[in-house]
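Just so it is clear, none of the values below were taken in a lab; they were calculated from the coordinates. Treat the numbers as computed from the prediction; the structure is a model and nothing was measured. Don't worry about glycine lacking a Cβ; one is built from the backbone with ideal geometry, like all the others, and counts go over all protein chains shown.
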Protein chains: 2
Amino acid sequence: METVTLTKPKPLPKLSASSSGKGLKIIPLGGLGEIGKNMLILEYGNDIIVIDCGIMFPPEEMLGIDFVIPDIRYLEERKEKLKGIIITHGHEDHIGALPYLWKKLNVPIWTTKLTAGLIEVKMEEFNISGLPINLIKPGDKIKLGVFEIEFFRVNHSIPDCVGLVIDTPEGLVVHTGDFKFDHSPANPKEKTDIGFLANLAKRKVLLLLSDSTNAEVPGYTPSETEVAEALDNIIGSAPGRVIITSFASLINRIQQVINAAVKHHRKVAISGRTMIDNINIALKLGYLSVPKDVLIDIRDVKKYGDDELIILVTGSQGEERSALVLMAGGEHKAVKIKPGDTVIISSSMIPGNERSIYNTIDNLYRLGAEVIYSRNSGLLNIHVSGHAAQEELKMMIELVKPKYFIPIHGEYHHLYNHAKIAVQTGLDSSKVFVIENGQQVLFSQGRGQILPSRVPAGYVLVDGSGVGDVGNIVLRDRQAMAKEGILVAIMTVDAKSGKLLTSPDIISRGFIYMREREDLVEMTRQKIKELLSHYSYQHPANWPLIKTLIRKDLGEFLYRHTKRKPMVIPVIIEV
Amino acid sequence: METVTLTKPKPLPKLSASSSGKGLKIIPLGGLGEIGKNMLILEYGNDIIVIDCGIMFPPEEMLGIDFVIPDIRYLEERKEKLKGIIITHGHEDHIGALPYLWKKLNVPIWTTKLTAGLIEVKMEEFNISGLPINLIKPGDKIKLGVFEIEFFRVNHSIPDCVGLVIDTPEGLVVHTGDFKFDHSPANPKEKTDIGFLANLAKRKVLLLLSDSTNAEVPGYTPSETEVAEALDNIIGSAPGRVIITSFASLINRIQQVINAAVKHHRKVAISGRTMIDNINIALKLGYLSVPKDVLIDIRDVKKYGDDELIILVTGSQGEERSALVLMAGGEHKAVKIKPGDTVIISSSMIPGNERSIYNTIDNLYRLGAEVIYSRNSGLLNIHVSGHAAQEELKMMIELVKPKYFIPIHGEYHHLYNHAKIAVQTGLDSSKVFVIENGQQVLFSQGRGQILPSRVPAGYVLVDGSGVGDVGNIVLRDRQAMAKEGILVAIMTVDAKSGKLLTSPDIISRGFIYMREREDLVEMTRQKIKELLSHYSYQHPANWPLIKTLIRKDLGEFLYRHTKRKPMVIPVIIEV
């Protein structure tokens, strides 16, 4: 094993005030774990541009949280500098925070046609319309303050993705967006523009910012063509209906399913709201080409023979109430699974979803279907990643030949391994920076350095209609109750004498099933009486102190009897 | 793709009473998802034997649950038939339920020396001693009722594993236990006995029960020797300390680390309780061979040069307070991570643990260590599975040549894919049964069939000292509170007039942070007053009904204002 020493974000010697601000700043913002993915900013003098504005899905310990969005205080404090928002592609982790943050930023957005369409659909859900979106396409150049931005085509798992070349007073910055090199994608126009990238090197690139998602994966990511071949193979030999699920945003995958349907003389029915919505917008904007009479209504599947049907559905992650999960549970109105059905799960298993996905697979097997998924498909590539693997990442660096390199779009370990790869290609390790959200890299007079200070770059939790109102205290309480439940002890006392007026009321949820443990409930009630008379000798009683003491003693009492630690809340009601 | 029609556990036509009970019954019991792993029983006439007695770790949705153990009502009702418990190896999912269930079963246990040692350590934690454990070794034969059981050596990721050949009045049943074919294991005595298995075919095997864990994995599981080579390679070129984590029960892996340490003139220090405990018992029973002066106390690491040290630690799954996690957080007393350290995570990532493992890796990187783990180790096998992959599973079937085949030790999709493999080897698909826990397969006069009736085979939840006292209601409450929190509305009313005596008290946890939303708290209080006066016009008031109405109305009120649905508990206190 080769050990590479990388420049880590350690505290650096303090810079003098004058040297800390001048030049080009690169600052990844927000997100949770993933760096520079949901949002990244470039700042020079009085100009700031924002790249992407996405959400993260919360990790499991953030109980009940719907999304996580970037904390943009840094931008709000510099609103007058902000010149525009550029969106690289239409995935949730790049567009999803716009409904929450756009009003605060309130500057024009620049993106491609499909991405703009997806943003508009999203904004409509929030009743926001009339967004100033400017359409761009690969080859276009725009100027935002001092920044001149040129767009180039990259291939990824959704159509119409772009990378950026940003001409700054300090030199050229290349931002790959999410990408892979697929020389035979579903749509031949959607190849990453390798010629354009190769020509960049001649223009002397100061900095490359590159997608790190698959930096741990050796070799090359297989081409989407391999999926086409696998689907063709399976559909061609399937005895009955073929039910296919994938991510609804994988428009190119949907195109391949349509192509296979046409080839094998099958109709395609669609089930699941996001799948229908995405197909509609892709059709409307010309990103999906479907011959006449191929699409049929899901309610009409009974009119066709089993071997004349493909059913394209949501549910690739085993999502509750998704079309595939309803089918697996026997609850789908139009489609009842039966022996002879072949189900293809054409997607990866996102960590955390394995349980739900395998439950769905097990239920499909129980109903007699054949199920083909990533882990039992052997040599058939029924899904490929949309991100570049190690050899492609090296190729990107070799094409662009940057002076400096900052890996983005990944967690710290992805960035670290990407940085290692960069050094393996020959980059000087002192010119490779592994940074975290909120860290600033300053380029000044051709020299880059990590600044010692960080900008605010936390995240904001979205729960229901609340944005930012669930914080650590609420989350900690949810975690505590999730594990051990809660016990509320209500003591109604005479305001004058401090004596109990009624027997204490005990409310418990998630701790024990009270009806089956009346013994423990009664013991607890006695214990509360005992504690209250023990602690309330003083007059007037110091209720806050007494509550604290009862909480502690009652907690210990319950732990002794159950080895569990419910959240204990004593309530004193003075009448 | 080949589609294989398997005999599924569909309801069969009812058998006549006489035919339903006679013969040999195979019944997988308990567990959760995995079939026949935690416990499997063989029943013939008046004799029952139990194979394994393990726990499952609960899925995430079972909030706060420590373990899941099999429901053994079927055995308790037939206690007089029970002749013995056989344990195939010392992993938790095969021994872990003994402290909870042994008293109820109360029959002798038969197992190998190391497994017995591990069981005894476990029982001591529960203050249970004097267990009637009978030691067996491969080649031994015992008789339990009508069953004659012969043990044979299998290789797995813990030493001293056995498979079973059970001679029954209906014919020979072979149970593989957990196994792989490793022709070059860490300990050459620990190879799966391929010669013995080949000879079994001559004796006509009625039924093979075989480990399905890796039935989705193509090819062969690599040999433990490959791990030895990888460790040798990494340790040989590491510039400083090498810190290695693995599963503490992987005694053979620990042996390989010791071997590499000796070869590279390094001392070995150990940190983490389960690692120390497992090494001690393996040393005591002769399953680990360590030259004198190789092991040193963790507190003495400072006395050695960095390149003279290997530190063997717990924490391969990112477990809270484990040695590696303490090191990654800078909290370990004896070892502070620094640049030059190499950390090897020699284990798989169990689904659900990715978050914690990657957090640990990220923190180690931040402290300057080099980290090598399954996903960035490229061609180096720093961990191999202990279970047979598809080609080995086929080989097992080819060696044993059973008439019937039942895949065990896996979830339904594992069993299904294993069954498919069995059919590919040439077994008649009508003689391959995919069954679930509680289903019974009856062999009678040479013919096997799945019985239409199931036996009770649920699971029992262990939470703290409570076994079985947390059921669906408590779990559902935990899930609800985890997602949206709880709001308790306490209304103290005059017992005579039914009028409120004080302003309603509101207790909320995990819903909103009340101090920051006093507006909502006040609105809620007003709403409660309003609802109460609206509903309590009747005299005497129907409090149970009023509570139900307030719960509903208040829930809707809160949802309207927050788009969240906390658990609402109205409490009426009459004074």
>> Could you tell me which residue out of B:Thr548, B:Thr425, B:Ala201 lies farthest along the dipole of the protein assembly as shown toward its positive end? Charges go on the beta carbon: Lys and Arg +1, Asp and Glu -1, centred on the Cα centre.
In response: B:Thr548
>> Taking the Kirkwood radius as the inverse of the mean 1/r across Cα pairs, report the Rg/Rh of chain A.
In response: 1.06
>> Give me, ordered by chain and number, the residues 5 or more places off B:Ile244 or on other chains with an amide H under 5 Å from its own placed amide H.
In response: B:Ile311, B:Leu312, B:Val313, B:Ile344
> According to a simple spin-label model (label point 7 Å from Cα along Cα-to-Cβ), what is the distance in nm between B:Asp300 and B:Lys529?
Replying inline: 7.5
>> Viscosity 0.890 mPa s, temperature 25 °C: what is the translational diffusion coefficient of region B:224-376 from Stokes-Einstein with a Kirkwood Rh over Cα pairs, rounded to a whole number of µm²/s?
In response: 161
>> Based on alpha-carbon centroids, what's the gap between region A:159-179 and region A:23-76 in Å, whole number please?
In response: 17
> Taking the Cβ-Cβ separation of A:Ser289 and B:His183 as r and a Förster radius of 41 Å, what is the calculated FRET efficiency to the nearest 0.05?
Replying inline: 0.15
> By counting other Cβ atoms within 10 Å of each Cβ, how are B:His561, A:His534, A:His409, A:His156 ranked from fewest to most?
Replying inline: A:His534, B:His561, A:His156, A:His409
> How much length is gained if the chain between A:Ser237 and A:Asp307 is pulled fully straight, taking 0.36 nm per residue apart and subtracting their Cα-Cα distance, in nm to one decimal?
Replying inline: 24.2 nm
> Measuring from a point 7 Å past the Cα of B:Lys333 along Cα-to-C-beta, which residues in region B:290-306 have an amide N at less than 18 Å?
Replying inline: B:296-303
> With θ set to phi - 60° and the Karplus curve 6.51 cos²θ - 1.76 cosθ + 1.60, what are the ³J(HN,Hα) couplings of region B:396-402 in order, to the nearest whole Hz, using x for Gly and Pro?
Replying inline: 4, 5, 5, 5, 7, 6, x
> Which FRET efficiency, nearest 0.05, do B:Ile128 and A:Arg560 yield, Cβ-Cβ r, R0 22 Å?
Replying inline: 0.55
>> With viscosity set to 1.002 mPa s at 20 °C, what whole-number translational diffusion coefficient in µm²/s follows for region A:510-553 from Stokes-Einstein and a Kirkwood radius over Cα pairs?
In response: 184
> Which value at 222 nm does chain B reach when only helices count, each DSSP H run of 4 or more adding -39,500 (n - 2.57), with the total divided by all residues and rounded to the nearest 500 deg cm²/dmol?
Replying inline: -9000 deg cm²/dmol
> Stokes-Einstein at 25 °C, 0.890 mPa s, Kirkwood radius from Cα pairs: D for the protein assembly as shown in µm² s⁻¹?
Replying inline: 74
> Given +1 on the Cβ of Lys and Arg, -1 on the Cβ of Asp and Glu, and no further charges, what dipole in debye does chain A carry about its Cα centre, rounded to the nearest 20?
Replying inline: 980
>> Need the list of lysines near A:Lys338 for cross-linking: C-alpha distance under 24 angstrom, and skip anything on the same chain fewer than eight residues off.
In response: A:Lys267, A:Lys302, A:Lys303, B:Lys8, B:Lys10, B:Lys14, B:Lys420, B:Lys431
> Near the amide H of B:Tyr459, under 5 Å away, which other amide H atoms are found, from residues 5 or more places off or on another chain, if H is placed in the peptide plane?
Replying inline: B:Asp71
> Given region B:316-376, what whole percent of its Cα pairs are spread farther than 14 Å?
Replying inline: 50
>> Would you work out the Kirkwood radius for region A:81-161? I mean one over the mean of 1/r across all pairs of different Cα atoms, in Å.
In response: 13.1
> Taking Cα pairs under 8 Å and at least six residues apart, what relative contact order does region B:472-574 come out at, in percent?
Replying inline: 39
> Between B:Asn134 and residues 5 or more places away or on another chain, which pairs have amide H atoms under 5 Å apart, with H built 1.01 Å from N, and which residues are they?
Replying inline: B:Ile109, B:Trp110, B:Thr111
> Picking from A:Pro185, A:Ile361, A:Tyr74, whose Cα lies most toward the positive end of the charge dipole for chain A (charges on Cβ: Lys, Arg +1; Asp, Glu -1)?
Replying inline: A:Tyr74
> Given the Cα-Cα distance of A:Lys552 and A:Lys104 and 0.36 nm per residue of separation, how much length would full extension add, in nm?
Replying inline: 156.8 nm
> Against the longest alpha carbon principal axis of chain A, how many degrees, from 0 to 90 and to the nearest 10, is the axis of helix A:472-484 turned?
Replying inline: 70
>> With +1 assigned to the C-beta of every Lys and Arg and -1 to the C-beta of every Asp and Glu, and no other charges, what is the dipole magnitude of region A:464-575 about the Cα centre in debye, to the nearest 20?
In response: 300
> Any idea which of B:Val488, B:Thr562, B:Ser508 is furthest toward the positive side of the dipole for region B:472-574, if Lys and Arg beta-carbons carry +1 and Asp and Glu beta-carbons -1?
Replying inline: B:Thr562
> What are the ³J(HN,Hα) values, in whole Hz, obtained from phi via the Karplus relation 6.51 cos²θ - 1.76 cosθ + 1.60 with θ = phi - 60°, for each residue of region B:122-128 in sequence order, with x given for Gly and Pro?
Replying inline: 5, 5, 4, 4, 9, 6, 10
> Short version: ³J(HN,Hα) in whole Hz for each residue of region A:520-529, in order, from phi by Karplus 6.51 cos²θ - 1.76 cosθ + 1.60 (θ = phi - 60°), x for Gly and Pro, what are they?
Replying inline: 5, 4, 5, 4, 5, 4, 4, 4, 5, 4
> Where the only charges are on Cβ atoms (+1 Lys, Arg; -1 Asp, Glu), what is the dipole of the protein assembly as shown about its Cα centre, to the nearest 20 debye?
Replying inline: 1080
> If each Cα of region A:472-574 is one equal point scatterer, what is log10 of I(q)/I(0) from the Debye formula at q = 0.19 Å⁻¹?
Replying inline: -0.93
